[in-house]
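Comments concern the structure below.
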Amino acid sequence: QVQLVESGGGLVQPGGSLRLSCAASGSIASADDMSWYRRAPGKLREPVAIISSDGSRNYAVSVKGRFTISRDNAKNTMYLQMNSLKPEDTAVYYCNMALRGIDYWGQGTQVTVSS
């Protein structure tokens with residue numbers, strides 16, 4: 001059983017930056033894809049960014065050019081660098097890891113973008 005713990009959320013002004021972290025209780029080196037999702041108030045959870053085991057990355061259109069996903073297998077941690085934040089980025093952000101056919105989720109971290 002792998003546990004994922006997100007951190008780094010908070011309140012930030014529009015145009016600001018945050019870096020989210022997702023720490024795994026075990027090795028992520030064998031993980032297939034690792035992803036960030038978010039759920040805004042009143043909306044369904046949506047994918048934000050994904051990074052594959054080979055390092056390839058894909059982003060939602062709404063965050064492309066502003067967010068950067070990365071993973072550090074040595075630290076068993078995945079990151080989401082979020083720049084130029086907008087009020088519409090306000091959501092609970094969740095990390096996800098696919099490992100041997102099983103999806104693991106973190107508990108989420110709140111990001112609020114407001115002046």
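Just one of (1) closer than 20 Å to GLY9 by Cα; (2) part of a strand (DSSP E or B) trips up SER115, so point out which.
(2)
Mind telling me which of the residues VAL61, VAL5 ends up being surrounded by 14 or more Cβ atoms within 10 Å (Cβ to Cβ) and either free of Cβ contacts under 8 Å to residues at least 60 places away in the same chain or under 15 Å from the mean Cα position of the chain (by Cα) (or both)?
VAL5
Which of the residues spanning the range 80-95 are assigned to a strand (DSSP E or B), under 24 Å from LEU44 (Cβ atoms) and open to solvent by 10 Å² or more (accessible area, probe 1.4 Å)?
VAL92, TYR94
Condition check ((1) assigned to a strand (DSSP E or B); (2) surrounded by 13 or more Cβ atoms within 10 Å (Cβ to Cβ); (3) touching a residue at least 60 places away in the same chain (Cβ under 8 Å)) across all residues:
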site: TRP36; (1), (2), (3): yes, yes, yes
site: PRO47; (1), (2), (3): yes, yes, no
site: SER53; (1), (2), (3): no, yes, no
site: GLY65; (1), (2), (3): no, no, no
site: MET78; (1), (2), (3): yes, yes, no
site: ALA98; (1), (2), (3): yes, yes, yes
site: TYR104; (1), (2), (3): yes, yes, yes
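For the range 8-34, how many residues are of a type in the set (Gly, Ala, Ser), touching a residue at least 60 places away in the same chain (Cβ under 8 Å) and either open to solvent by 50 Å² or more (accessible area, probe 1.4 Å) or closer than 20 Å to THR112 by Cα (or both)?
Residues in the range 8-34 being of a type in the set (Gly, Ala, Ser), touching a residue at least 60 places away in the same chain (Cβ under 8 Å) and either open to solvent by 50 Å² or more (accessible area, probe 1.4 Å) or closer than 20 Å to THR112 by Cα (or both): 7 in total.
The values are calculated or read from the model by the stated rules, or taken from the named source; none is laboratory data. On a predicted model such as this, the values are computed, not experimentally measured, just so you know. As a convention, Cβ positions derive from the backbone with ideal geometry for all residues, glycine included, and neighbour counts pool all protein chains shown. Heavy atoms of the whole protein, side chains included, go into the accessibility calculation; ligands, DNA and RNA do not. Shrake-Rupley method; radii C 1.70, N 1.55, O 1.52, S 1.80 Å.
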